[in-house]
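No value in this document is a laboratory result; all are computed from the given coordinates. Predicted model, so just to flag it, every value in this text is computed and none were measured. FYI the Cβ positions are ideal-geometry reconstructions off the backbone, even for glycines, and counts take in every protein chain you see.
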Amino acid sequence: MAAIDLASAGLQSRLAQLNADYARALDDDRMEEWPGFFSDPCLYLITTADNHRHGYTAGIVYADSEGMLRDRVAALREANVYERQAYRHVIGLPAVRGEADGVVRAETAFLVVRIMRDGRMDLFATGRYLDVLVDEGGALRFRERVVVCDNNRFDTLLAIPL
Amino acid sequence: MAAIDLASAGLQSRLAQLNADYARALDDDRMEEWPGFFSDPCLYLITTADNHRHGYTAGIVYADSEGMLRDRVAALREANVYERQAYRHVIGLPAVRGEADGVVRAETAFLVVRIMRDGRMDLFATGRYLDVLVDEGGALRFRERVVVCDNNRFDTLLAIPL
Amino acid sequence: MAAIDLASAGLQSRLAQLNADYARALDDDRMEEWPGFFSDPCLYLITTADNHRHGYTAGIVYADSEGMLRDRVAALREANVYERQAYRHVIGLPAVRGEADGVVRAETAFLVVRIMRDGRMDLFATGRYLDVLVDEGGALRFRERVVVCDNNRFDTLLAIPL
């Protein structure tokens, strides 16, 4: 694991690029590339603001290895939940939180719009990514990505990656 | 007051980090930290596109010192307006406008989503920040942040900082 | 045509600044400045996700020269379609796609909110910009900007630049 260059311009830009690539993979429905954004082992958790505030570790979605992420993709492909609508992530400016023990902490707001086949659009989710990042061979990867949704209620479609 | 490094990569990144930190403080309800983003004296103004276009200096919210910003936070805490809903700022890419007399001018679009306790989300506000920034001991601070809302009508809740 | 500096921090920042300036020009209704963001000849195309996926080159809006862009602005000014509502672009983080033959490819998500005169706001469009960029005398310009809208249906107002 390489040390992460913390010069702020370089790190901000790398976080911007990483988040943009992540959002593109999901919105382009290239879900099979999604596990590659994480280190292995990892923590990927979708939770709500209320649960996060109370320190509950249970989430709506939980995965702690690349294998679990891949299983989730396979399950979604079987369920075909992607077929009827599209999603568009708009990701805010990343905030670098700091560095310790060779990892970087960052936090980034997001908004996801859902586009129905008939053209209707609605706000699907907003929230923030709480990230722990490592440099693996020159590529930033998520050791942790905790997705804290502002909305405390979801329909079943939230099974899609955010 | 230090000179601001105008090398574009560095300045863009600093503006991104500043705006991300600012939004996080508000959305995390750490309002007490909000006055610390400003120099003292300062100008903080929330106004509408119509008022701004006509050159009216009166705004929905006006503060010209750290003390006035702190008073506003105290008033909001007493009124408890934060309790029933959450907000999520999604801040666009900062545009550096230029430099003169040791200050930097920048402009940045924003969008705020309101999340009700029952889970409903709506577009609460959009607009742009017109900023004048100074470097104080290595930290960028707002000498001016004029919040020009696209929407010309507001309900009373707009008393919250944007 | 100068070589584009591909050092990621510098390029990310230049793309952020360019996109922010582009959005500001449109949202400030400075449409006459819009053609200046393109090289000449160029390709500006607004299309839908379905059309783009199927490789159709026909779009809702098509221009391949600065003259055609200027004609479009003139037509919009005559039609006065701008008068009744405002728009706010919120542009996501740019993703640099790569470099070849002296040009840079980038892709950036966008969201546009429409603000009616009576204060109502709605999601007007989401999508992504597929860009090919060149450096002309130190300024990044769009050789191509293909606007792929997620929404496959539009009302006539889409004639405005996105």
(request) Note the angle between two axes, namely the Cα long axis of helix A:66-79 and the longest principal axis of the Cα atoms of chain A, as a number of degrees from 0 to 90, rounded to the nearest 10. (result) 20
(request) Can you bin segment A:11-75 into rounded, prolate or oblate? Criterion: square roots of the alpha carbon gyration tensor eigenvalues sorted a ≥ b ≥ c, rounded for a/c under 1.5, prolate for a/b above b/c, oblate for the rest. (result) oblate
(request) Specify the angular offset, from 0 to 90 degrees and rounded to the nearest 10, of the alpha carbon long axis of helix B:8-27 from the longest principal axis of the alpha carbons in chain B. (result) 20
(message) Using +1 at the C-beta of Lys and Arg and -1 at the C-beta of Asp and Glu, which of A:116, A:149, A:100 has the Cα lying farthest in the positive direction of the dipole of segment A:88-162?
(response) A:116
(request) Shortest first and in nm with one decimal, please list how far the residue C:56 label point sits from its counterparts in the other copies (point 7 Å along Cα→Cβ). (result) 4.6, 4.6
(request) Work out the length of the dipole vector of chain C about its Cα centre, built from +1 on the beta-carbon of each Lys and Arg and -1 on the beta-carbon of each Asp and Glu, and round it to the nearest 20 debye. (result) 440
(request) Distances from residue A:28 to the same position in the other copies: list them in nm, one decimal, shortest first, using label points 7 Å from Cα along Cα→Cβ. (result) 3.3, 3.3
(request) Could you tell me whether the protein assembly as shown comes out rounded, prolate or oblate from its Cα gyration tensor? Rule is a ≥ b ≥ c as square roots of the eigenvalues, rounded for a/c under 1.5, then prolate if a/b exceeds b/c, otherwise oblate. (result) rounded
(message) With +1 assigned to the C-beta of every Lys and Arg and -1 to the C-beta of every Asp and Glu, and no other charges, what is the dipole magnitude of the protein assembly as shown about the Cα centre in debye, to the nearest 20?
(response) 1000
(request) Run the dipole for segment B:100-158 about the Cα centre, Lys and Arg Cβ at +1, Asp and Glu Cβ at -1, nothing else charged, and hand back the magnitude in debye, nearest 20. (result) 220
(request) Distances from residue B:120 to the same position in the other copies: list them in nm, one decimal, shortest first, using label points 7 Å from Cα along Cα→Cβ. (result) 1.5, 1.5
